[in-house]
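Following: one structure in structure tokens, then a few remarks.
Just so you know, all these numbers are worked out from the coordinates, no wet-lab data involved. Since the structure is predicted, the reported quantities are computational estimates derived from the model, not experimental observations. As a convention, Cβ positions derive from the backbone with ideal geometry for all residues, glycine included, and neighbour counts pool all protein chains shown.
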Amino acid sequence: MADQLILAFDTSAAHCAAALLLGEVIVASRVEEMQKGQAERLMPLLEEVLAEAGKSWSDLDRIGVGVGPGNFTGIRISVSAARGLAMALGIPAIGVSSLQAMAYTSATSHLTMATLDARQGNLYCQLFNKGGEAIDEPRLCAATDISNHFPQGTPTIVGHNSAELADQLGATHADAPPIKTVESMARIVAARTPDGTRPAPLYLRPADAAPPRDPAPKIL
């Protein structure tokens, strides 16, 4: 069987990120930092990544998409795009948690905690085993209270505020840059068996009270 071609992308934070995986090789990847404008930039960016590798939409076997947790509107942009592309191309779309993708980049110890900034002094957190599989549910907790939620001696902490948290928990720490995270999303999708379910946003907190100026894209 020929190597599968997988396009993964993510706009759950202040960036637009994409990676193209052929078999076991990342053949193209890109991240553009941006606070807004992901809705307009995502599709052109995906086309550029495909063109860089000499591929087209019809060559794709699977779509991978970051489902959060993270920015509400950003997550909806990517999930809507993934569902639409999967429907148009007749291929599976698979959602990947940002926390799992971050842990996957540094899954070299027996236990990894991934963290994301949830604003207002909070963090999104989750524990993963050596293989990058979740061993608990993602949660939202106060950054100052994290030592009460996770065990001392956690071998590796990756993500937001990882150095300070590592000091609190007697752990080591690692970075999870967006380029590595979106590449990990593609690899996670390659290892999964599609089950027919569509990707859905992973929200761990209610939206902020102030509505966005522009309406969020509709989830197909």
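Per 0.36 nm of contour for each residue apart, how much would the distance between residue 117 and residue 88 grow if the chain were fully extended, relative to their Cα-Cα spacing?
7.0 nm is the gain from fully extending residue 117 to residue 88.
For residue 174, list long-range residues whose amide hydrogen, built 1.01 Å from N in the peptide plane, is under 5 Å from its own amide hydrogen.
157, 158, 159
Only Cα pairs within less than 10 Å get springs; with that Gaussian network setup on the chain, which residue of 129, 148, 71 has the largest fluctuation?
148
Taking neighbour Cβ counts within 10 Å as the exposure measure, how do 15, 110 sort from fewest upward? The partial results should precede the final answer.
Numbers: 15 22, 110 10.
Ranked by crowding around the Cβ, least crowded first: 110, 15.
Run the simple label-point estimate for residue 133 and residue 191 please: 7 Å along Cα→C-beta, distance reported in nm.
It works out to 1.0 nm between the two label points.
On average over all directions, what projected area in square nanometres does the chain have, based on the convex hull of its Cα atoms?
Taking a quarter of the hull surface, the average projection is 12.0 nm².
Hey, what do the phi angles of segment 66-80 turn into as Karplus ³J(HN,Hα) couplings, whole Hz, using 6.51/-1.76/1.60 and θ = phi - 60°, x for Gly and Pro?
x, 9, x, x, x, 5, 4, 5, x, 4, 5, 4, 5, 5, 4
Using unit Cβ charges (K, R positive; D, E negative) and no other charged atoms, how large, in debye to the nearest 20, is the dipole of the chain about its Cα centre?
500 debye
Please identify the longest segment of the chain free of exposed trypsin sites (Lys or Arg not before Pro), where exposed means a DSSP state other than H, G, I, E or B and no more than 15 other Cβ atoms within 10 Å.
37-129
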